[in-house]
Amino acid sequence: MNYRHIYHAGNFADVMKHLALVLILDHLKKKEAPFCVIDAHSGIGLYDLQSEAAQKTKEWEHGIGRFSGFEDNDDFALYQRSIKSYLDKGQYPGSPLLISNMLRPQDRLIANELHPDDCETLKSNLRGKQNVRVTHLDAYECIRANIPPKEKRGLILVDPPFEERDEFETLARQMGEWQKRFATGIFMVWYPIKAHLAVEKIKREAQSLSFPRTWCMETMQHPRKQEGTFNGSGLLIFNAPFQIPERLTAVLPLLQERIGLLETPTSWIVEDRP
């Protein structure tokens, strides 16, 4: 529990992750029926880019800092509009703020954070937001306790810090439980790409599940097998909504050019129902 996202807020991985998050929420809002979002690893919700910690790494300068104005791409501009008011104040919003700002009166958010101090900060940053509940649980316990949601539709965001050596193994076990409990839910799983991590194994585990439309997107800043560096990050999306993979793929060349990414591979792990 030593991980602090302030060192990484607004970096290239956040841009990818939050772009996908905003597009999926936009898709969910196209139907009048309510939905529930579970943000299992919420963090504190809001990050000061002028803080000593953020200035120490300056990762945001090589991520969202590479975009000075609104882009012509409508989908990327949707993400930019969701963060603009924060960036104007030298801040970057985490996923729980992005989600809460996009909720309609009939939708709700469960924002979970295990670290006790961060959980209190999260409560403060979400104070006054409607239909938002903050919980202080182990992330996987939070998911198990709340799926399936009463709305029967929604998104579960899983964004572990990967501090534990067996995080990939734990994640693989949990994915099978999700399928049993909420087979129609959208799950978005973020993971880091480092030389020693079992990324291909987690993809094989994802393929073995019966989730339809399982799609993978990665953004690489260094060669995949380069030792001792954070080489890239990926997203696994289970039950990927119609047209979301295509919309994200269309934005990737912009990210690759502006951020200077090495490559942005995408693939279908499971194309549709067996």
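E205 meets all of the listed conditions (1) touching a helix residue (DSSP H, G or I) at 6+ places or on another chain (Cβ under 6 Å); (2) charged (D, E, K, R); (3) outside any helix (DSSP H, G or I) but one, namely (3).
Among the residues of the range 152-178, those identified as surrounded by 14 or more Cβ atoms within 10 Å (Cβ to Cβ), in a loop (DSSP other than H, G, I, E, B) and at pLDDT 85 or above are R153, D159, P160.
Starting from the range 184-198, take each residue that is at pLDDT 95 or above and crowded, with 21+ Cβ neighbours inside 10 Å and list its partners that are part of a strand (DSSP E or B) and aromatic (F, W, Y), counting only C-beta distances under 6 angstrom and pairs at least six apart or across chains. Every condition considered, the pairs that remain are F187/F238. Screening S95 against (1) touching a Gly at 6+ places or on another chain (Cβ under 8 Å); (2) farther than 22 Å from L25 by Cα; (3) among the small types (G, A, S) leaves a single unmet condition, (2). Here G63 fulfils each of the conditions (1) more than 21 Å from T249 (Cβ to Cβ); (2) surrounded by 18 or more Cβ atoms within 10 Å (Cβ to Cβ) apart from (1).
If the condition is being acidic (D, E), under 27 Å from R104 (Cβ atoms), surrounded by 15 or more Cβ atoms within 10 Å (Cβ to Cβ) and more than 17 Å from the chain's Cα centre (by Cα), then the range 1-60 contributes no residue at all.
For the range 237-253, the criterion of being closer than 23 Å to P161 by Cβ and within 16 Å of the chain's Cα centre (by Cα) is met by at least one residue. Filtered by the rule that a residue be touching a residue at least 12 places away in the same chain (Cβ under 8 Å) and among the aliphatic types (A, V, I, L, M), the range 58-107 gives I64, L78, I83, L87, L97, L98, I99, M102, L103. Could you please let me know if T184 is in a helix (DSSP H, G or I), of a type outside the set (A, V, I, L, M) and under 19 Å from the mean Cα position of the chain (by Cα)? So T184 does not fit the description; no. Scanning the range 132-151 for residues that are in contact with a Cys (Cβ under 9 Å, 6 or more places away or on another chain) and charged (D, E, K, R), we see that the one that is surrounded by the fewest Cβ atoms within 10 Å (Cβ to Cβ) is K150.
The residue that is farthest from A145 (Cα to Cα), among those in the range 103-131 that are basic (K, R) and either over 21 Å from the mean Cα position of the chain (by Cα) or surrounded by 21 or more Cβ atoms within 10 Å (Cβ to Cβ) (or both), is R127. Scanning the range 211-225 for residues that are surrounded by fewer than 22 Cβ atoms within 10 Å (Cβ to Cβ) and in a loop (DSSP other than H, G, I, E, B) yields P212, R213, Q221, H222, P223, R224, K225. The residues of the range 121-148 that are farther than 26 Å from T170 by Cβ and either touching an Asp or Glu at 6+ places or on another chain (Cβ under 8 Å) or without any contact (Cβ under 8 Å) to a residue 12 or more places away in the chain (or both), listed by number, are K123, S124, R127, G128, N131.
The values are calculated or read from the model by the stated rules, or taken from the named source; none is laboratory data. Note that this is a predicted model, so its numbers are computed, not measured. Heads up, the Cβs are rebuilt from the backbone with ideal geometry, glycines too, and the neighbour counts pull from every protein chain shown.
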